[in-house]
Amino acid sequence: MPGHRQLNLNLFIYPDGHHEAAWRYPGAEIGRLTDIGWFQSLAQQAEAAKMDAIFFADGPVLAESIEYAPRFRLEPITLLAGIAAATSRIGLIATASTTYHEPYNLARLFASVDHQSRGRAGWNIVTTTNDQAAQNFGLAEHPSHAERYAQAQEFLEVVTGLWDSWEDDAVVADPASGRYADPAKIHALHHKGRFFQVRGPLNAPRTPQGRPVYVQAGSSEDGRGLAARWAEAIFTAHQTLESAQEFYADIKARAAGLGRRPEHIKVLPGLSPFIGGTEAEAKRLQAEFNALVQPGYALNQLRQMLGVDFSGHALDAPFPRHLIAPDAARAVASRFQVVLGIVDREKPTLRQLLHRLAGARGHFVLAGTPEQIADHIESWFAGGAADGFNIMPPWLPGGFTAFAAEVIPILRRRGLFREDYSGATLREHYGLPRPESHFAAGEARLAS
Ligand SMILES: Cc1cc2nc3c(=O)[nH]c(=O)nc-3n(C[C@H](O)[C@H](O)[C@H](O)COP(=O)(O)O)c2cc1C
């Protein structure tokens, strides 16, 4: 492990790439989006580049925009199991909802992935923003933002208790005495809460990492509160260095306020790079993708972000800012602010705004040379805005192949990124401690 601070880099996999028109780009591998071999090969490429982890987003509802793009989702935890079998070092992060999962089932799923991968599992904790999901789970309506976060807090207490329910030395496995496990080191939770009642213990031994790495991606007040208490890595979307610095400082301060060490929370903004031999070439590549954007898709996405349907407005007229009610913050409270920030700073036409969001849904999109991409990464890393990045290739595999072949070597030459793995688990890649079972530590309950 080098003495100095180095970047943590994840590959954020969207099946065909993050740009909404990636599947229409010549050479796109459309037919492979349900093929485990496709995902294994992307993970193997990320592992060969010594990346920290691959990451899958998720939502338990079909996107309305399926007509225009392959925005379907294979269930990501089962994908991780398939990828674990074809890799040995790359971290494996999947998204799962605290609103639309049962804690006991989810604890089993991630425990299994952590065992199968010998300690590489990570869980992106979301409360699910898409209010249509409720109809897939027998709910009359999607719980409110505050309700979802209250449930998420309790959900985390329960699953953490389950992952801690076997102490590390509970398994005796002594054929001579016939004793396989020490019941005194396997603990029931007897949890009775507002949202869940779970007796426990978990029905599997404690995992190599103890618990999967806790990842989170909320930026609202509730989101930041949950992150400060639980998150070990945070994904976030920022358009400016200043807003990323504000978020970074705030999260680290909140965590320190709860007695946590700031370096045990990795802040990882999204970055979607278009890479070219010259800046002009990179911008031409980006323009090629934007030319494939379908207003039907883009306007639908904008409606979900801002709560207003702009389909009746001229695309090349100034963006009708007056139509947005100031208090209209949507389910994705923080993303609403990101988009409004673009509108107020750049005064785009409707089409220009659609193209701005086309690349990565409000995350930072940069078209430039490998040096320019590396400069951007270094400036946020050194400027108190990031501990690393969620790399979001506009298209796959080409967008990632270019990043791995042309940007990572520059980061290495600058001493900013690892030459090789020094550890085997995701916690070791991120430099995070392995939590002891709170039962073993003699704590009857999780420290609040
Ligand atoms: C990089 C990143 C990935 C995300 N992935 C998902 C996802 O897979 N599923 C989901 O429902 N929400 C996802 N979100 C949304 C967040 O979970 C959260 O709802 C959103 O950031 C709004 O947070 P807030 O309610 O605290 O404002 C993601 C956000 C970011 C920044």
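We did not get these values from a lab; they are worked out from the coordinates using the rules stated. Only a predicted model underlies this, so the values are computations on that prediction, with no experimental measurement involved. Virtual Cβ from ideal backbone geometry, glycine too; neighbours counted across all protein chains shown.
So the values come out like this:
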| read-out | value |
| --- | --- |
| In nm, spacing of pseudo-spin labels at Ala181 and Ser422 (7 Å Cα→C-beta vector) | 3.5 |
| For the range 209-253 versus the range 364-400, the gap between their alpha-carbon centres in whole angstrom | 19 |
| Candidates per chymotrypsin sites (Phe, Trp or Tyr not before Pro) in the range 44-116, loop by DSSP, up to 12 other Cβ within 10 Å | Phe72 |
| Fluctuation leader among Ala46, Ala152, Ala314 - the chain, Gaussian network, Cα springs under 10 angstrom | Ala314 |
| Gain in span if fully extended, Arg118 to Glu242, counting 0.36 nm per residue against the direct Cα distance | 40.8 nm |
| Long-range amide H partners of Ile234 with built H, under 5 Å | Gln216, Lys266, Val267, Leu268 |
| Long-range amide H partners of Ser272 with built H, under 5 Å | Phe364, Val365, Leu366, Met392 |
| Estimated FRET transfer efficiency when R0 is 60 angstrom, pair His190-Lys347 (beta carbons, to 0.05) | 0.55 |
| Gaussian network model of the chain, springs between alpha carbon atoms under 10 Å - residue of Ala53, Ala111, Ala63 with greatest fluctuation | Ala63 |
| Under the Karplus curve 6.51 cos²θ - 1.76 cosθ + 1.60, θ = phi - 60°, whole-Hz ³J(HN,Hα) for the range 249-254, x wherever Gly or Pro sits | 5, 5, 5, 5, 5, 4 |
| Scaled radius of gyration (Cα, divided by 2.2 N^0.38 Å) that the chain gives | 0.98 |
| Computed FRET value (nearest 0.05) for Glu67 with Asp316, which takes r as the C-beta separation and R₀ as 22 Å | 0.40 |
| Glu29/Asn105 FRET efficiency (R0 25 Å; Cβ-Cβ; nearest 0.05) | 0.15 |
| Reachable aspartates and glutamates, given that their alpha-carbon falls under 18 Å from the alpha-carbon of Lys185 and they are not under 8 places away in the same chain | Asp164, Glu167, Asp168, Asp169, Asp174, Glu436, Glu443 |
| Label-point separation in nm, Arg199 to Arg229, each point 7 Å along Cα→Cβ | 2.7 |
| Share antiparallel - DSSP beta bridges, the chain, percent rounded to 5 | 15 |
| Inter-label distance for Ala57 and Ala86, nm, one decimal - labels placed 7 Å from Cα along Cα-to-Cβ | 2.3 |
| Of Ala298, Ala121, Ala233, the one that fluctuates the most in a GNM where the chain has Cα springs shorter than 10 Å | Ala298 |
